[in-house]
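Encoded as C-alpha cells, the structure appears first; notes follow it.
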C-alpha cells in the first residue's frame, strides 16, 4: 500500500481511504470486519463526517461503539472528519462556534481526544476566513485537531482561507472517477473550441493542489456521475468495462482495483475514498493502490470513458 506523509499527521496516510458514511445500521461484527479488512489491506485512513448517519454524528458513534479502540490501535490510524454542513437547512456554517462545537461532538462520538485531520465540508458562501482562523487556532492549541483541510474547494476559496489561517491546508476532497473527471479532462482538451470538455469547471484545482503540496482525496471513485450509480458493470459504459476487464486480467486483480488504479496512477498524490461496507470490495479496491498502469493504459481508459484526447 502506497502511503503519504501529510504535514501534522504522524501516521503514514494510505492512498486508499475507508469511507464510513454507511455504517450506522451495521452490527458491531459487520463494522469490525470491514475495518479489519481495511487495516489488513494496509489502509490506515478512516473517513468520517458529522452529518454521516441517520443521526448527527451517528456513524462516528457507531464506529467507536463497534471498534472500542485501544490507545495503541487509535494511534495507528489516521481518523479524519468533516464539519460545516447543517443538513436540516440545508445550509453551510463556517462560524468558529459551529466548527468548534462540531469537532467537540465528533470527538465525543468517536471516543478520541483528537482528529488527525479536519476537513471543511463543502464551501460556505458566507465564509468569514478570520472566523475560520479563530476556530483552527483554538482547535490546534487544545490539541483537538492535528491538521486541517477542505472538501470541494476551488483554488480561490483555498487562497482566501490561506490568507488568514496559520495552519497549512493539507488536503482537498473532491469527486473523481474515470467517468467523472472533468477536473482532469479539461486540461487535456484545453483551447478546443466547441468541445464541452474544454470548459473549465474547477479553475485548475488539480494543478493548484500539486503546486501547493495539497493532497487530493477522490470521493465516489466508482460513481458514473453525481450519484447516478456505478460505472462498473453498467451497460451504458460497455466500452470502458471491456477495457477494465481486460486490464484486470492482465494484472490479475479485480475490476475494482483497476478503477482504483486509474486514480492512484495520477501523479497528484491522490487518495481514493471508498464507501463500500462489503469486505471483499474493500480488499479489491486496496489492490489498486500501486498497480503501475502505463500511460497508454491510463489514456485508453480515459478515452473509453468518453473523453477526447486531441
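Looking at the stretch 286-303, can you tell me whether even one residue there is out of contact with any strand residue (DSSP E or B) (no Cβ under 7 Å at 6 or more places or on another chain) and within 20 Å of residue 227 (Cα to Cα)?
Yes.
If residue 284 satisfies all but one of (1) more than 19 Å from residue 185 (Cβ to Cβ); (2) more than 17 Å from the chain's Cα centre (by Cα); (3) surrounded by fewer than 20 Cβ atoms within 10 Å (Cβ to Cβ), what's the number of the condition it fails?
(3)
What residue, among those in the stretch 220-255 that are buried (at least 22 other Cβ atoms within 10 Å of the Cβ) and closer than 24 Å to residue 152 by Cα, is nearest to the chain's Cα centre (by Cα)?
221
Looking only at the stretch 21-40, decide whether some residue is assigned to a loop (DSSP other than H, G, I, E, B), surrounded by fewer than 24 Cβ atoms within 10 Å (Cβ to Cβ), at pLDDT below 95 and in contact with a helix residue (DSSP H, G or I) (Cβ under 9 Å, 6 or more places away or on another chain).
No, the stretch 21-40 contains no residue that is assigned to a loop (DSSP other than H, G, I, E, B), surrounded by fewer than 24 Cβ atoms within 10 Å (Cβ to Cβ), at pLDDT below 95 and in contact with a helix residue (DSSP H, G or I) (Cβ under 9 Å, 6 or more places away or on another chain).
Could you count how many residues in the stretch 73-121 are in a helix (DSSP H, G or I) and either surrounded by 15 or more Cβ atoms within 10 Å (Cβ to Cβ) or over 21 Å from the mean Cα position of the chain (by Cα) (or both)?
Number of matching residues: 17.
Please specify each residue of the stretch 147-170 satisfying the condition of being within 21 Å of the chain's Cα centre (by Cα), buried (at least 18 other Cβ atoms within 10 Å of the Cβ) and either outside any helix (DSSP H, G or I) or in contact (Cβ under 8 Å) with a residue 60 or more places away in the chain (or both).
147, 148, 149, 150, 151, 153, 154, 167, 169, 170 - these are the residues of the stretch 147-170 that are within 21 Å of the chain's Cα centre (by Cα), buried (at least 18 other Cβ atoms within 10 Å of the Cβ) and either outside any helix (DSSP H, G or I) or in contact (Cβ under 8 Å) with a residue 60 or more places away in the chain (or both).
May I ask you to verify whether residue 55 is within 19 Å of residue 169 (Cα to Cα) and assigned to a loop (DSSP other than H, G, I, E, B)? Let's see the steps before the verdict.
Numbers: within 19 Å of residue 169 (Cα to Cα): no; assigned to a loop (DSSP other than H, G, I, E, B): yes.
So residue 55 does not fit the description; no.
Determine which member of the set 304, 259 is surrounded by 14 or more Cβ atoms within 10 Å (Cβ to Cβ), in contact with a helix residue (DSSP H, G or I) (Cβ under 7 Å, 6 or more places away or on another chain), closer than 30 Å to residue 40 by Cβ and at pLDDT 95 or above.
The match here is 259.
Of these, 203, 191, which one is in a loop (DSSP other than H, G, I, E, B) and either surrounded by 18 or more Cβ atoms within 10 Å (Cβ to Cβ) or without any contact (Cβ under 8 Å) to a residue 24 or more places away in the chain (or both)?
After ruling out the rest, the residue left standing is 191.
Select from the stretch 123-146 the residues that are assigned to a loop (DSSP other than H, G, I, E, B) and surrounded by fewer than 18 Cβ atoms within 10 Å (Cβ to Cβ) and list them in ascending order.
Matches in the stretch 123-146: 125, 126, 128, 142, 143.
Does the stretch 214-231 hold any residues that are under 24 Å from residue 14 (Cβ atoms) and either out of contact with any strand residue (DSSP E or B) (no Cβ under 9 Å at 6 or more places or on another chain) or in contact (Cβ under 8 Å) with a residue 24 or more places away in the chain (or both), and which are they?
214, 215, 216, 217, 218, 219, 220, 221, 222, 223, 231
The values are calculated or read from the model by the stated rules, or taken from the named source; none is laboratory data. Quick caveat, the model's predicted, so the values are computed rather than measured. Every residue, glycine as well, gets a Cβ built from its backbone with ideal geometry; the counts of neighbours run over all protein chains shown.
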